[in-house]
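S.K.: The structure that follows is given in the form of structure tokens.
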Amino acid sequence: MTIQQRPVVLRPSEIPARQRGGGAKTIPLVTRKAGSTSFINGITVFDPGAAIPLHKHNCEESVMLLEGDAVAEIDGVEYPIRPGDVTFIPANVPHRFRNVSDSRVMKILWIYASLNATRTLIETGETRTIDDEHAARMAS
């Protein structure tokens, strides 16, 4: 069955955010549900001082800092990043992002190079698809 793609305009301010825990929430944007056949993206908002756990993906990822003060920890190296800076993270490279401000939110735009992107937590080895994470958050 062929799905006909249609253009769509997404408005992050009108899409409910999914709580990720640890002071982070995600707004899924371009996904399979929106009609994408090759990539997914979204915005993650971090409260002051929030960080996500060290993890890796089964595909390439690019992240742009939209606002705030951040550190990107990629393969054991910490990089201070400013709004407008962009990262490229190859598949299976451990990384995470931290909001280093104690008073302002931080926002990132992330893009995965696969509809079937997964996240594997380094500490536990638990792997989930990004789509599953969004669906689980929608149900709660």
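The values are calculated or read from the model by the stated rules, or taken from the named source; none is laboratory data. Treat the numbers as computed from the prediction; the structure is a model and nothing was measured. All Cβ positions, glycine included, derive from the backbone under ideal geometry; neighbour counts span all protein chains shown.
S.K.: Only one of (1) among the hydrophobic types (A, V, I, L, M, F, W, C); (2) more than 19 Å from ARG104 (Cα to Cα); (3) modelled with pLDDT of 95 or more fails for VAL71. Which number is that?
M.R.: For VAL71, the failing item is (2).
S.K.: Also, quick follow-up: Kindly indicate whether any position in segment 85-92 is crowded, with 16+ Cβ neighbours inside 10 Å, in contact with a helix residue (DSSP H, G or I) (Cβ under 6 Å, 6 or more places away or on another chain) and closer than 24 Å to ARG128 by Cβ. Full working, then the answer.
M.R.: Quick first cut of segment 85-92, residues crowded, with 16+ Cβ neighbours inside 10 Å only: 87, 89.
Retained after the next criterion (residues that are in contact with a helix residue (DSSP H, G or I) (Cβ under 6 Å, 6 or more places away or on another chain)): none.
No, because not a single residue in segment 85-92 is crowded, with 16+ Cβ neighbours inside 10 Å, in contact with a helix residue (DSSP H, G or I) (Cβ under 6 Å, 6 or more places away or on another chain) and closer than 24 Å to ARG128 by Cβ.
S.K.: It is to be established whether one or more residues within segment 46-55 are aromatic (Phe, Trp, Tyr) and either closer than 22 Å to THR124 by Cβ or surrounded by 12 or more Cβ atoms within 10 Å (Cβ to Cβ) (or both).
M.R.: Here is the first cut: in segment 46-55, the ones aromatic (Phe, Trp, Tyr) are 46.
Retained after the next criterion (residues that are either closer than 22 Å to THR124 by Cβ or surrounded by 12 or more Cβ atoms within 10 Å (Cβ to Cβ) (or both)): 46.
Looking through segment 46-55, at least one residue is aromatic (Phe, Trp, Tyr) and either closer than 22 Å to THR124 by Cβ or surrounded by 12 or more Cβ atoms within 10 Å (Cβ to Cβ) (or both).
S.K.: Just to verify a result, which residue in segment 100-129, among those that are free of Cβ contacts under 8 Å to residues at least 60 places away in the same chain and of a type outside the set (S, T, N, Q), is nearest to ILE81 (Cα to Cα)?
M.R.: Taking the candidates together, the pick is VAL100.
S.K.: How many residues does segment 68-95 hold that are at positive phi and either without any contact (Cβ under 8 Å) to a residue 24 or more places away in the chain or in a strand (DSSP E or B) (or both)?
M.R.: Here is the first cut: in segment 68-95, the ones at positive phi are 68, 75-76, 84, 92.
Remaining after also requiring either without any contact (Cβ under 8 Å) to a residue 24 or more places away in the chain or in a strand (DSSP E or B) (or both): 75-76, 84.
Counting residues in segment 68-95 that are at positive phi and either without any contact (Cβ under 8 Å) to a residue 24 or more places away in the chain or in a strand (DSSP E or B) (or both) gives 3.
S.K.: When the residues of segment 1-36 are filtered to those that are farther than 30 Å from LEU54 by Cβ and among the β-branched types (Val, Ile, Thr), which remaining residue is modelled with the lowest pLDDT?
M.R.: My answer is THR2.
S.K.: Could you grab the pairs with beta carbons closer than 8 Å, sequence gap of 6+ or different chains, first residue in segment 14-34 and within 12 Å of ILE130 (Cβ to Cβ) and touching a residue at least 40 places away in the same chain (Cβ under 8 Å), second one charged (D, E, K, R) and assigned to a strand (DSSP E or B)?
M.R.: From segment 14-34, the pairs are ARG18/LYS25; THR26/ARG18; THR26/ARG20; PRO28/ARG18.
S.K.: For segment 54-67, name all the residues that are under 20 Å from PHE39 (Cα atoms) and either free of Cβ contacts under 8 Å to residues at least 40 places away in the same chain or in a strand (DSSP E or B) (or both).
M.R.: Applying the first criterion (under 20 Å from PHE39 (Cα atoms)) to segment 54-67 yields 55-66.
If the condition is that a residue be under 20 Å from PHE39 (Cα atoms) and either free of Cβ contacts under 8 Å to residues at least 40 places away in the same chain or in a strand (DSSP E or B) (or both), then HIS55, LYS56, HIS57, GLU61, SER62, VAL63, MET64, LEU65, LEU66 are the ones that fit.
S.K.: Follow-up question, since we're still on this one. Restricting to segment 43-79, name every residue that is touching a strand residue (DSSP E or B) at 6+ places or on another chain (Cβ under 6 Å), over 16 Å from ALA17 (Cβ atoms) and among the acidic types (Asp, Glu).
M.R.: Selection gives GLU61, GLU73, GLU78.
S.K.: Restricting attention to segment 97-109, does a residue exist that is in a strand (DSSP E or B) and among the hydroxyl-bearing types (Ser, Thr, Tyr)?
M.R.: First, the residues of segment 97-109 that are in a strand (DSSP E or B): 97-99, 106-109.
Restricting the remaining residues to those that are among the hydroxyl-bearing types (Ser, Thr, Tyr) gives none.
No, there is no match, as no residue in segment 97-109 is in a strand (DSSP E or B) and among the hydroxyl-bearing types (Ser, Thr, Tyr).
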